[in-house]
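A.B. asks: Have a look at this one.
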Amino acid sequence: MKMISKLLVATLIVALLLTSFACAPAQTAVPASEQPAAAPAANTGATVGVCLYARRSQSDKDAEAGIRAAAAAQGLNVIIEDADSDPDRQIAHMQSFIDQKVSAILLAAADYDKLAPSVEAAAEAGIPVIAYYQEVNTDKTTSFIHFDYAADGSKVAEWLIDHINTNMGGAAKIGIIDFASCTTICQRRLKALYEDVSAACPGVEWVAKFDGNGRKPQSMDACEKIFSAAPDTQILIVVNEDAAEGAKIITEDLKKDVIIVGNAYSDDVFEALEANDPLYKAFSVDPYYDMGVAAIDAAAAVLEGGEVQPEQILSCHMLSNENIGTYDWRAIAAKRG
């Protein structure tokens, strides 16, 4: 009898438990679209003012693409202004950013000295300034992100020295299309190139140098002057893609047997290297997209209260007919706006 009573009690307990489970509300998974959003980035909503040097250049377009991509990843808004290499216009952009009370400024300075007061005014207003590409004559920048321009020149020199010694018997007549006002970049590249080649190849003759001012029309004129002063010029040194294109046009028009080397950054140059163009042979190429990313990342770190290096130096690529396949420039081009 006792055994039957125990069984009845156990059966009653089980029934009660089953009833309570049946009455409990069902637990269903919450759709991803209804789940709480992830915590926003620390910088979400902050605005960074960007002073481009000159959007007409492909290098600046790629730097801008890096800036936009990194800003989106960091949750930053950006206001981008193009100075078209005019320092007075850039000074106005800097003042506008200060008046708007942006959270930070990225500056590719159009003039080493003229932009210094603008940087100092921003710093006084509590706005950090990340200088990139070109430095500014002040200690008030938070960080300076750039390339080693002397190393750029030395890498071109290394290629030239090998070419001259291997293919030209250690002697060559070289002309330079200069960019005299570009003191912090082009002149450093040219100085290193000149010194390295002169030391390694005493048979080299530097026959002529004329200023192309970093633009195609003036570079065409400079190239004509070089050939007028030294018709037997064998190598042309150029400082950017505009100078390279100007030199190519005049060289082809005059049917000169020369090669063009130096610093240049454009899809046309890359395509010509791929096609083994008889004129374009070797150029140092700086990773502008990466520089844009690094500049935004530095700004984001400062806004989050972190520390940034006062100086970051990025290395260039030395591209020629032989190794252009190692550089995926089309992937970078696809990211432009």
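The values are calculated or read from the model by the stated rules, or taken from the named source; none is laboratory data. Not measured: the values here are computed from a predicted model. Using ideal geometry, Cβ is built from the backbone for each residue, glycine included, and neighbour counts are taken over all protein chains shown. SASA here: full protein model, heavy atoms, side chains in, ligands and nucleic acids out. Shrake-Rupley method; radii C 1.70, N 1.55, O 1.52, S 1.80 Å.
A.B. asks: Which residues, counting only those in region 279-333, are touching a residue at least 60 places away in the same chain (Cβ under 8 Å), among the aromatic types (Phe, Trp, Tyr) and in a strand (DSSP E or B)?
C.D. replies: Answer for region 279-333, where residues must be touching a residue at least 60 places away in the same chain (Cβ under 8 Å), among the aromatic types (Phe, Trp, Tyr) and in a strand (DSSP E or B): just Phe283.
A.B. asks: Any idea which residue in region 263-278 is farthest from Gln234 (Cα to Cα), counting only those that are among the charged types (D, E, K, R) and touching a residue at least 40 places away in the same chain (Cβ under 8 Å)?
C.D. replies: That would be Asp267.
A.B. asks: Condition test on Ala244, is it among the aliphatic types (A, V, I, L, M), open to solvent by 20 Å² or more (accessible area, probe 1.4 Å) and not in a loop (DSSP other than H, G, I, E, B)?
C.D. replies: The answer is no for Ala244.
A.B. asks: Sticking with this structure for a sec: Failed condition for Val119, given (1) in a helix (DSSP H, G or I); (2) open to solvent by 10 Å² or more (accessible area, probe 1.4 Å); (3) among the hydrophobic types (A, V, I, L, M, F, W, C), with all others met?
C.D. replies: (2)
A.B. asks: For the condition at pLDDT 95 or above and in a strand (DSSP E or B), what is the one hit in Ile105, Ile98?
C.D. replies: The conditions single out Ile105.
A.B. asks: Collect the residues in region 284-311 that are farther than 26 Å from Val269 by Cβ and open to solvent by 30 Å² or more (accessible area, probe 1.4 Å), keeping them in residue-number order.
C.D. replies: Asp297, Val302, Leu303, Glu304, Gly305, Gly306, Glu307, Val308, Gln309, Pro310, Glu311 - these are the residues of region 284-311 that are farther than 26 Å from Val269 by Cβ and open to solvent by 30 Å² or more (accessible area, probe 1.4 Å).
A.B. asks: Restricting attention to region 154-168, and to residues there that are of a type in the set (S, T, N, Q) and farther than 20 Å from Arg189 by Cα, which single residue is surrounded by the most Cβ atoms within 10 Å (Cβ to Cβ)?
C.D. replies: Ranking the qualifying residues of region 154-168, first place goes to Asn165.
A.B. asks: If I filter region 169-183 for residues that are assigned to a helix (DSSP H, G or I), open to solvent by 50 Å² or more (accessible area, probe 1.4 Å) and within 25 Å of Asp232 (Cα to Cα), do I get at least one hit?
C.D. replies: Within region 169-183, not a single residue is assigned to a helix (DSSP H, G or I), open to solvent by 50 Å² or more (accessible area, probe 1.4 Å) and within 25 Å of Asp232 (Cα to Cα).
A.B. asks: Scan region 186-196 and tell me whether some residue there is buried (at least 17 other Cβ atoms within 10 Å of the Cβ), within 22 Å of the chain's Cα centre (by Cα), among the acidic types (Asp, Glu) and not in a strand (DSSP E or B).
C.D. replies: no
A.B. asks: Sort out which residues of region 223-241 are assigned to a helix (DSSP H, G or I) and not acidic (Asp, Glu), and write them in order of number.
C.D. replies: Result: Cys223, Lys225, Ile226, Phe227, Ser228, Ala229.
A.B. asks: Continuing with this model, one more query. Among (1) under 21 Å from Glu245 (Cβ atoms); (2) free of Cβ contacts under 8 Å to residues at least 60 places away in the same chain, where does Ile176 come up short?
C.D. replies: (2)
A.B. asks: Another question, then. Residues to consider are Asp286, Asp328; find the one that is over 25 Å from Phe179 (Cα atoms) and of a type in the set (Asp, Glu).
C.D. replies: Answer to the selection: Asp328.
A.B. asks: Still on this structure, I have one more. Any residue at all in region 125-141 that is out of contact with any His (no Cβ under 8 Å at 6 or more places or on another chain), part of a helix (DSSP H, G or I) and open to solvent by 10 Å² or more (accessible area, probe 1.4 Å)?
C.D. replies: Among the residues of region 125-141, not one is out of contact with any His (no Cβ under 8 Å at 6 or more places or on another chain), part of a helix (DSSP H, G or I) and open to solvent by 10 Å² or more (accessible area, probe 1.4 Å), which makes the answer no.
A.B. asks: Among the numbered criteria (1) of a type outside the set (Val, Ile, Thr); (2) crowded, with 18+ Cβ neighbours inside 10 Å; (3) over 25 Å from the mean Cα position of the chain (by Cα); (4) not in a loop (DSSP other than H, G, I, E, B), which single criterion is violated by Lys256?
C.D. replies: Condition not satisfied by Lys256: (4).
A.B. asks: Condition first: open to solvent by 70 Å² or more (accessible area, probe 1.4 Å), assigned to a helix (DSSP H, G or I) and without any contact (Cβ under 8 Å) to a residue 60 or more places away in the chain. Can you find one or more residues in region 204-214 that meet it?
C.D. replies: no
A.B. asks: Filter region 278-337 down to the residues that are among the small types (Gly, Ala, Ser) and more than 18 Å from the chain's Cα centre (by Cα) and list them by number.
C.D. replies: Selection gives Ala282, Ala301, Gly305, Gly306, Ser320, Gly325.
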